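The structure appears below as structure tokens.
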Amino acid sequence: MSTIITDAVTALSGNLALLPEGSGVVTIDGLTYPAADGSANQLMKTNGSGVLSFVDAPSAGFTQSASQATTSGTSVTFGSIPSGTKMIVVNYFDVSSDAGESDDGLELTIGDAGGIETSGYISMRAQLRSSANVIFDDTSNFELSDHLDVTSSFRGSCICTLQDAATFRWIAQWQTMDTNNAATVNVGCGSKALSAELTQVALQISDAFDVSTGSISIMFQ
């Protein structure tokens, strides 16, 4: 390796090029620079030991999924959630059951590469009504609401945040309004530790989705 010790370097043509020979690299004041340019919009980072490299810039804000209709079947799953995700917002609009039975709950479950998990949840929900308030608990999902009658239709959101990356533990909190039953709101909170890093979330209903209404989307970062 060649070393130049000088007080000043003057470029005669206005530009100064440092060109190592062969497979050599350029090291300036202990920092070793990449031998080739990165991709457009990449940033340079250090490994903490004096070696610089190009990396992709961190994504800004949330990634928004396409909206999925809840007009058939019993569940909608959003998979391929990228590694490193720490927050997910599930938004649902006019989701309803085709039967509208009182025990036909709207449920959220989460999972990893091994699949959606349906046990180990610690979940509490309060149904706030003008006539009475009721408390529910569940260990198989985050129950976002239940149908009061055949007209029930739900709008709301559930925010899931990663609480402990070592144990893959997530915290969920949600608010759900019944648009067809005045003065009825569901609020809740819960936790769930997965077997591995989260990769998917699913919204399901006990009976089947209404064939005419409903959609769901997620945001994550």
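Any read-out appearing in this document is the output of simple, stated calculations on the displayed coordinates, not a laboratory observation. What you see is a predicted model, and the numbers here were worked out from it, not measured in a lab. Cβ placement follows ideal geometry from the backbone for every residue including glycine, while neighbour counts extend to all protein chains displayed.
So here's what we get for this one:
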read-out: GNM result for the chain, Cα springs below 10 Å: residue of L148, L203, L18 fluctuating most strongly; value: L18
read-out: The chain - percent relative contact order, Cα under 8 Å, separation 6 or more; value: 29
read-out: Packing rank of 130-142, 66-78, 28-40, where each peptide gets the mean count of other beta carbons within 10 Å, highest leading; value: 66-78, 130-142, 28-40
read-out: Value of relative contact order over segment 1-56, rounded to a whole percent, pairs C-alpha under 8 Å and six or more apart; value: 22
read-out: q = 0.15, 0.18 Å⁻¹, the chain: log10 I(q)/I(0) [Debye, one scatterer per Cα]; value: -0.95, -1.25
